[in-house]
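Reviewing the structure listed below.
The values are calculated or read from the model by the stated rules, or taken from the named source; none is laboratory data. Note that the structure is a prediction, hence the values are computed from the model and not measured. Note: ideal-geometry Cβ built from the backbone for every residue, glycine included; neighbour counts use all protein chains shown. Calculation scope for accessible area: heavy atoms of the full protein, side chains included, ligands and nucleic acids excluded. Shrake-Rupley method; radii C 1.70, N 1.55, O 1.52, S 1.80 Å.
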Amino acid sequence: MSNITGNFKKTIYRNSTNNYLIGLFKVKEASNDLDKFINKTITITGYLPDLNEIDTYILDGNITTHAKYGEQFMVNNFERVMPKETDSMVSVLSSDMFKGIGKKTAEAIVNMFHEDTFDVILNHPNNLLLVKGVSEKQVRVLHESLKNYQGSYEIILNLSKLGFGTRDSLKIYSKFKEKSFDFINEDIYKAYYFIDEINFKTCDYIYQKNDCDKLDVKRIRAVFIYILRELTNVSGNTYFYLDEIRPYFIRIIGTDISDELLLEALNSLISLELIVVKEDKIYLKEYYDAEIFIARRLRLLAHEKCETLKNYEKVLKEIELKNSITYNEEQELAIKQALTNKCLVITGGPGTGKTTIIKGIIDLYQGLNNYKIKDLEENLVLLAPTGRASKRMSEVTELSASTIHRFLKWNKDTNRFQVNEYNKSNASFVIIDESSMLDTLLLSNLLKGLSTNTKVIFVGDANQLPSVGAGNILSDLITSEELKVIRLKNLYRQGKDSNIITLAHDINEGILNKDIFNKGEDLRFIKCPDNKVLDNIKKEVKKIDDPNYQVLAPQYKTINGIDNINEALQELLNPKKSTKKELVINNITYREDDKVIELSNMPDEYVFNGDIGVIDKIKLSPKKEIYIDFDDNKVKYTPTMFNKFSLSYAISIHKSQGSEFKTVIMPIVKGYHKMLYRKLIYTGVTRSKEKLILIGDMNALEMAINNNNEQKRRTSLDYYLKNGII
């Protein structure tokens, strides 16, 4: 690794949240490969603490070339060198760092102690009183200021020596300040418990590298939290039992542990307020707190007195006349209940008029309050859990809609919401579409950011898959019977897509009418053996002219899994060409014009999990960069971001939630095994607006429809809603 030595000159940019710095650095010395920079100023980048213009620094790293700004030195590690020359010492002591110490006093101190000046200030401060004119107050200022200044660098340096990278060391110091090294020495896993983005494996690697006891209770409780967090993410449950957790200890630490040690770790975690145990149910504390908070808030709203609507019938008739629509009894009930109740759930399958009802609620709310558009948007907030769902909500209502993350002003660096219990939104009325995708922590954070008087309406299809994150929100709200629920049963959407809607409702009833297929172009089933499914997918894709189609599959592996389909369709639709640049990432080839899907939320770039785009451009030098076009929003991805997207010629049914496509192609084969269950297939079918093509084995479809035994999520929200908080 290369290094440069010199002085910091100027801050160009600094992110106060994650300590990312871009600045100018004057090079005095350099390793042989960088000697051309000696006596020159170079741009430096990296995760660094505040640097001053007085000290000398040794920076380790390497030269990179920015497309716009040219050569830069990317810093991986740094070391501060205390000045030795007397002139430098005088400059430091008379700087703003030491309030009340003038140049004359500084010169007098340095003239007496010479190169030992800083050692005397730090370790023998009373000796400074030997200098004529130095007061006890000045001694305290010199000692405390230099001690604090020296301490922060030493802590970060010691954390780095321990095994943490500079970025993680800075995160630890930002959290624990001068107590950082003491905290980490006491229990290294506190970095994992309390700091986002510092993971268990990093802490555990450092712990074992330092030859610590592998069965120490500190490690066992960290493994306990790691298992709980992983199980929560994978299963979607918000609580577990001890006998479920225990077997995972053997996998992680390689040996079983005693009952005594396990219970000691459990009780220790309770004391640390990292977990909660209620009636043998073990919760991560954040999930327990979230379910309690949601239940309290929604019960409060549910028990509020219903509002009386003045001029309701008159305004509703005006809306019907204006929009050339006549609401039937079911729709009118839903619209009225949304305005009279503080909290309402509206649920129904495709074609049951959810969108019509949302528009009716908005029009009635606007009419009753005599709001202009500006007033309406100040009081009413339209939300959805995903970017694609919020875009669709905006299109159908002709009003602005937002993801919940964007509404709450999520800071991706801190993983915190800026709209919160201490900084609430002024919204009076919130409508949340696609509520089946709400997870426990997201809803808790949303309710914290809303006033206790804010009206909240949940709209969604309870028969769709639950959220990616833990929880079973929409289902719990309905089954608790604590909130007012409107169940939409009548079908309104007819025409060319009615066969798809009929199929969806049959699936919910556990019925498969094989005669419904191939009566028209809107709903087809192509029967073929497993080894011919891929060929038929390719054949159908070649026939489609409209780009608004999507192949959906239940799982990634197997011959008819998402990975195989993506590879085959890439070869068909975007084959290798000398005119197209390509890049191999994790054994997958990406090339210009490939269809890709975003896998995370990037609110600063207006790109969200599930958004689909096209690779517009790939740069291979001087730095690897990929530019992806999301509906004319071009976003640059650098190597650290290459894990944020994947090919999307085929995507999972889970990833398709909140989206609609004109045409959906879905393979159905017995090889999908445990992924053949009713709710999953139903969700895939209901993503199609105009045409649905199923390919494979009709018996596999029948198996899926008859299998209503998908793993039910374990949560406590419905219980707390129904029974209150004890």
>> With a cap of 16 neighbouring Cβ atoms within 10 Å, and only residues DSSP puts in a loop, list the chymotrypsin sites (Phe, Trp or Tyr not before Pro) found in the stretch 235-295.
In response: Tyr241
> Taking a 23 Å limit on the Cα-Cα distance, which of the listed pairs Lys514/Lys670; Lys175/Lys624; Lys514/Lys679; Lys36/Lys636; Lys519/Lys539; Lys595/Lys634 fall beyond it?
Replying inline: Lys175/Lys624; Lys36/Lys636
> Computed over the Cα atoms of the stretch 350-494, what is the ratio Rg over Rh, Rh following Kirkwood?
Replying inline: 0.95
> Where only protein heavy atoms count, and the probe is 1.4 Å, what is the accessible area per residue for the stretch 118-169 in Å²?
Replying inline: 52
> Taking the Cα centre of the stretch 570-726 as origin and charging only Cβ (+1 Lys, Arg; -1 Asp, Glu), how large is the dipole, in debye to the nearest 20?
Replying inline: 380
> When the accessible area of the stretch 526-652 is computed with all protein chains present and a 1.4 Å probe, what percentage of it is carbon and sulfur?
Replying inline: 48
>> Let me cross-check Lys28: its accessible surface, 1.4 Å probe, with only protein heavy atoms counted, in Å² to the nearest 10?
In response: 110
> Roughly how large, in nm² to one decimal, is the mean projection of the convex hull of the alpha-carbon atoms in the stretch 485-614?
Replying inline: 12.5
>> Taking the Cα centre as origin and putting +1 on Lys and Arg beta-carbons and -1 on Asp and Glu beta-carbons, what dipole magnitude results for the stretch 395-445, to the nearest 20 debye?
In response: 320
>> For a quick check of your reading of the filter: which trypsin sites (Lys or Arg not before Pro) in the stretch 599-665 sit in a DSSP loop and have no more than 15 other Cβ atoms within 10 Å?
In response: Lys623, Lys624
> Ignoring ligands, DNA and RNA, what percent of the accessible area of the stretch 151-241 is carbon or sulfur (1.4 Å)?
Replying inline: 48
> Excluding ligands, DNA and RNA, what is the solvent-accessible area per residue of the stretch 222-297 at a probe of 1.4 Å, expressed in Å²?
Replying inline: 47
>> I'd like the carbon and sulfur percentage of the solvent accessible area for the stretch 685-726, probe radius 1.4 Å, heavy atoms only, ligands and nucleic acids excluded.
In response: 40
> Hey, what number do you get for the chain at 222 nm if only DSSP H runs of n ≥ 4 count, each worth -39500 (n - 2.57), divided across all residues, to the nearest 500?
Replying inline: -11500 deg cm²/dmol
>> To check you understand DSSP bridge types, tell me what percent of the beta bridges within the chain (both residues inside) are antiparallel, rounded to 5.
In response: 60
> Under a 5 Å amide H to amide H cut-off, with H placed in plane at 1.01 Å, what residues pair with Lys10 once short-range neighbours are removed?
Replying inline: Leu24
> What net charge do the residues around Lys201 carry, taking every other residue with its C-beta under 13 Å from that of Lys201, with Lys and Arg at +1 and Asp and Glu at -1?
Replying inline: -1
> By a straight-distance test (C-alpha under 12 Å), which aspartates and glutamates pair with Lys99 as possible cross-link partners, with residues fewer than eight away in the same chain excluded?
Replying inline: Glu144
>> Out of the chymotrypsin sites (Phe, Trp or Tyr not before Pro) in the stretch 394-489, which ones are loop residues according to DSSP with at most 13 other C-beta atoms within 10 Å?
In response: Tyr422
> Which one of Leu301, Phe78, Ala568 is farthest out on the positive end of the charge dipole of the chain, using unit charges on Cβ (Lys, Arg +1; Asp, Glu -1) and the Cα centre as origin?
Replying inline: Ala568
>> Which one, Pro622, Val468, Ile725, is farthest towards the positive end of the dipole of the chain when Lys and Arg carry +1 and Asp and Glu -1 on their Cβ?
In response: Pro622
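Given a 1.4 angstrom probe, what's the average accessible area per residue across the stretch 419-461, in square angstrom?
Here the per-residue accessible area is 29 Å².
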> So how strong a dipole does the chain carry about its Cα centre when Lys and Arg Cβ are +1 and Asp and Glu Cβ are -1, to the nearest 20 debye?
Replying inline: 1180
> Between the stretch 290-326 and the stretch 29-74, how many Å separate their Cα centres?
Replying inline: 61
> At a Förster distance of 25 Å, what's the computed FRET efficiency of Val277 paired with Thr255, Cβ-Cβ distance as r, to 0.05?
Replying inline: 0.55
> With the contact rule set at Cα under 8 Å and sequence spacing of 6 or more, what percent relative contact order holds for the chain?
Replying inline: 10
